[in-house]
Each structure stands twice: as structure tokens, then as C-alpha cells.
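The structure appears right after this line, and notes come after that.
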Amino acid sequence: MTSFDCIFDEMSFQTEIIKWYKINKRDLPWRSTTDPYVIWLSEIILQQTRVEQGLPYFNKFLENFPTVKTFAGATETEVLKLWQGLGYYSRGRNMLFTAKQVMELHSGNFPKDYDKLIELKGIGDYTAAAISSFSNDQSKAVLDGNVFRVLSRYFGIEEPINSTTGKKIFSALAQSLIEGQKPSVYNQAIMEFGALQCKPKSPSCSICPLQVGCFALKNHKVNVLPVKLKKVKVRERWFNYFVALQGDKILIKQRKPGDVWQQMYDFPLIETSGPVGLNVTQFNDTVKEMFGNDIKIKSLMQKKHILTHQIIYVHFFGLENYMINFNMHTDIKSVMVEDFAVLPHPKVISDFFELYLQNKPNI
């Protein structure tokens, strides 16, 4: 189907979902407030993130930045350090920019109106609809992955959810369903229904209150819907990190803009086009060029790190007897290990740090 022209009882659909929500909803801190700033925090943190993973981050951010004013006064390093481990680091940077925008454009009063929210950096249609409906009961339908799934399965919409036509179809349907409802309740109800009941895999169809009218269940398409256009090809990369300790000091560098983990801190590295080992002559020669001919190198750990559009194969090497020309490698710095610990790192680096460097073992 390319439209939702099937016969259905709209009121029954909304009524059943809201009834289910009142019984099954999770007790989440952002549901007990209409403060748009708090709701914004939760929405941005939970994008691309499971609730159980995002909740500790939400609590940390709210504790450190209880108001948008305190958030706007933070440094990027402070924000990225709190964000460390969540991934999609541009969200953290955008949040800082947004907080500053709110201070400049709205005198520190976080907007509740959809049209004002949508003008802020990092806030798209979904986030603006969520904040305006949850804080202000504005009749704006949310469309996240959970809502797409529920609507696609129940109404039998086979148009890809990430196609231009599909987005228009789902948007029109979602908006028609919220009319006449209490937006703050209905939007949260359908999102929660998708998260807990109409799950991506193994949904609880046998006890679903919508099973009688569900197109996907009737037509054996629960595992087919929703349809999504294929993702872009995943890029594979090989990062060879060099862990160079000298007493209580360690070599680090800050990542540059335009690549993954920009502005975060990691170790000196050589990126190669494939996996390498200590038996590869060309690799050893490159390491000696960088760290001196008397270098001693040993393999420490290998790890596969999966991002949305990239798979990064990480190999950590420990170095001894290294020499480095800081005038030639201006992006590499020598800092105290304890100072490196408080800087923001990619998760793969922070995991390594905890495993190998927290207790300063001899690597």
C-alpha cells in the first residue's frame, strides 16, 4: 500500500493505545515535568540510544547543568566528557550550541512552541514535536522509529519509512491521529507502545490490544513491516594506536574536525588500509620514522568498534625507548596520565584506559 486508505476505527486505535499506556508506561523522570529544557535533554540524549543506556547520562547532565543557563556556560570539553560513551558526538556539540542560542534568542527561556523550537540547532521535526507536545500540549505528532513501526504494521503501509513519499504518508497519518487527543499523553503512549509492545523483533502480538485490526498480523507481515531503504555501504578502517608511557606522562593528540570523534582526545596513530602486525616491514619502518630507530614495540590489544557508517578495527601497541620530534608532530602532546583521564575520549579509548592505564601497570 502507498496510502492509508484502509477502513479503520481511528478512535479505537488511539483509545486502546492510551489505555495500554496508562497501565504499562515506565516511570521515567522526564515524564513528571513540563519543563521544556528537561524534556529537550531527555530527547537529545535518547536519540539513537536505548532508555536504559541513556538514563544515567540524562541524570548526569541534569545534575551538572540543572538549567539551560548553566548548560550554556559549559565548555565543549566538559560536555564531551559527560557525553563520553554515548556516540554520535555531534549531538553533544549541538546541544551546547543550542543552549547558547536559547540564552541569546530567548533570554534563557527554553521555548515551548514548535515554530520557535524548530529554528534551534540540532532540533528537527521529531524533537520539536516531542518538546512542544510534552511541555505545552501542542498538537504536533511525533514520528520516531517506534511510531513508524506501529503505524506501518497496523495500517499496512509498505512505502519505505525513509523515502520522501513514505515520510509524507506517515506524517499525514500521524497528524490525523493526534487530532482530538491530549497530545502529551497520546504521543508518549504511541512511542511507548512501539518500544515495549510492538517491538522490532518478537513483538507481543498474542497479547496486543490492537491485534484485531492489525494489517501486519492478519497478512503475516509483522516481520516485513516497516520497510526501510537500504543503508549506505559501511566503510572499514584500521587504526593503529601507540601507547607511549614515560613515567607518569603519556603521548596524546586531539582529533581534528572533519572525521570521527572530532575534538576528542586519543593516542598517536597510524591509519592503514588493512590489518598490520609487527612482522610487516613497511609498518615497522613507518613507526621508526615517527618514534625513532631504537623503538621497542609490542602488541597490547585489538578491538572492533562499530559506528553507524563505519567499522573501525583498533590495534593498540605499547612503545618503549621512543623519541619524537614535537616540532614535526605538532598535534602530539605529552601530558600527565591523570590529566588525560579527565579529557573526553572516544569510547574505545576510554575502555582501553580503564583496562590498561587506570592502575598504571607496566605496558
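The values are calculated or read from the model by the stated rules, or taken from the named source; none is laboratory data. Here the structure is a predicted model, which is why all the values come from computation and not from measurement. Ideal geometry is used to build each Cβ from the backbone, glycine not excepted, and the neighbour counts take in all protein chains shown. Please note that ligands, DNA and RNA were not included when accessible areas were found on the heavy atoms of the full protein model with its side chains. Shrake-Rupley method; radii C 1.70, N 1.55, O 1.52, S 1.80 Å.
Where the second residue is in a loop (DSSP other than H, G, I, E, B) and the first is under 25 Å from residue 84 (Cα atoms) and lies in the range 21-46, which pairs have Cβ atoms under 6 Å and are six or more apart or on separate chains?
The qualifying pairs are 36/110; 36/112; 37/110.
Can you tell me which condition residue 217 does not meet? The list is (1) open to solvent by 20 Å² or more (accessible area, probe 1.4 Å); (2) within 30 Å of residue 322 (Cα to Cα), and all the others hold.
For residue 217, the failing item is (2).
Picking from 251, 229, 225, which residue would you name as being open to solvent by 80 Å² or more (accessible area, probe 1.4 Å), in contact with a Ser or Thr (Cβ under 9 Å, 6 or more places away or on another chain) and touching a residue at least 24 places away in the same chain (Cβ under 8 Å)?
Values: 251 fails: open to solvent by 80 Å² or more (accessible area, probe 1.4 Å); 225 fails: open to solvent by 80 Å² or more (accessible area, probe 1.4 Å).
Only one candidate passes the filter, namely 229.
What are the residues in the range 207-257 that are of a type outside the set (Lys, Arg), within 30 Å of residue 19 (Cα to Cα) and not in a helix (DSSP H, G or I), if any? Walk me through how you get there before you give the answer.
Initial filter on the range 207-257 (of a type outside the set (Lys, Arg)): 207-217, 219-220, 222-227, 229, 232, 234, 236, 238-248, 250-252, 254, 257.
Those still in the list that are within 30 Å of residue 19 (Cα to Cα) too: 207-217, 219-220, 222-227.
Passing the criteria: 208, 209, 210, 214, 219, 220, 222, 223, 224, 225, 226, 227.
Pull up the range 131-158, narrow it to residues that are among the charged types (D, E, K, R) and in contact with a Lys or Arg (Cβ under 9 Å, 6 or more places away or on another chain), then point me to the one that is least open to solvent (accessible area, probe 1.4 Å).
Within the range 131-158, the subset among the charged types (D, E, K, R) is 137, 140, 144, 149, 153, 158.
Those left that are additionally in contact with a Lys or Arg (Cβ under 9 Å, 6 or more places away or on another chain): 137, 149, 153, 158.
Numbers: 137: 59, 149: 23, 153: 7, 158: 57 Å².
Within the range 131-158, the match that is least open to solvent (accessible area, probe 1.4 Å) is 153.
Among the residues of the range 105-116, how many are without any contact (Cβ under 8 Å) to a residue 40 or more places away in the chain and under 23 Å from the mean Cα position of the chain (by Cα)? Talk me through it step by step, then tell me what you get.
Applying the first criterion (without any contact (Cβ under 8 Å) to a residue 40 or more places away in the chain) to the range 105-116 yields 105-107, 109, 113-116.
Pick out the ones that are also under 23 Å from the mean Cα position of the chain (by Cα) and you get 114.
Total meeting the criteria: 1.
Among the listed residues 121, 100, which satisfies the condition of being in contact (Cβ under 8 Å) with a residue 24 or more places away in the chain, over 22 Å from residue 200 (Cβ atoms), in a loop (DSSP other than H, G, I, E, B) and open to solvent by 40 Å² or more (accessible area, probe 1.4 Å)?
Sole residue among the options that is in contact (Cβ under 8 Å) with a residue 24 or more places away in the chain, over 22 Å from residue 200 (Cβ atoms), in a loop (DSSP other than H, G, I, E, B) and open to solvent by 40 Å² or more (accessible area, probe 1.4 Å): 121.
State which residue is modelled with the highest pLDDT when the search covers only the range 43-81 and only residues that are among the acidic types (Asp, Glu) and open to solvent by 20 Å² or more (accessible area, probe 1.4 Å).
Within the range 43-81, the subset among the acidic types (Asp, Glu) is 43, 52, 63, 76, 78.
Narrowing further to those that are open to solvent by 20 Å² or more (accessible area, probe 1.4 Å): 52, 63, 76, 78.
Values: 52: 91, 63: 97, 76: 93, 78: 94.
Looking at residues that are among the acidic types (Asp, Glu) and open to solvent by 20 Å² or more (accessible area, probe 1.4 Å), I get 63.
Could you figure out which of (1) open to solvent by 50 Å² or more (accessible area, probe 1.4 Å); (2) in contact (Cβ under 8 Å) with a residue 24 or more places away in the chain isn't true of residue 243?
Of everything listed in (1) open to solvent by 50 Å² or more (accessible area, probe 1.4 Å); (2) in contact (Cβ under 8 Å) with a residue 24 or more places away in the chain, residue 243 misses just condition (1).
Scan the range 188-195 and give yes if some residue there is of a type in the set (D, E, K, R), buried (at least 18 other Cβ atoms within 10 Å of the Cβ) and over 30 Å from residue 267 (Cβ atoms), otherwise no.
Yes, the range 188-195 has at least one match.
So that you can scan it fast, the table gives a plain yes or no per residue for (1) touching a Leu at 6+ places or on another chain (Cβ under 7 Å); (2) more than 14 Å from residue 240 (Cα to Cα); (3) acidic (Asp, Glu):
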| position | (1), (2), (3) |
| --- | --- |
| 266 | no, no, yes |
| 269 | no, no, no |
| 274 | no, no, no |
| 299 | yes, no, no |
| 308 | no, yes, no |
| 321 | no, yes, no |
| 327 | no, yes, no |
| 353 | no, yes, no |
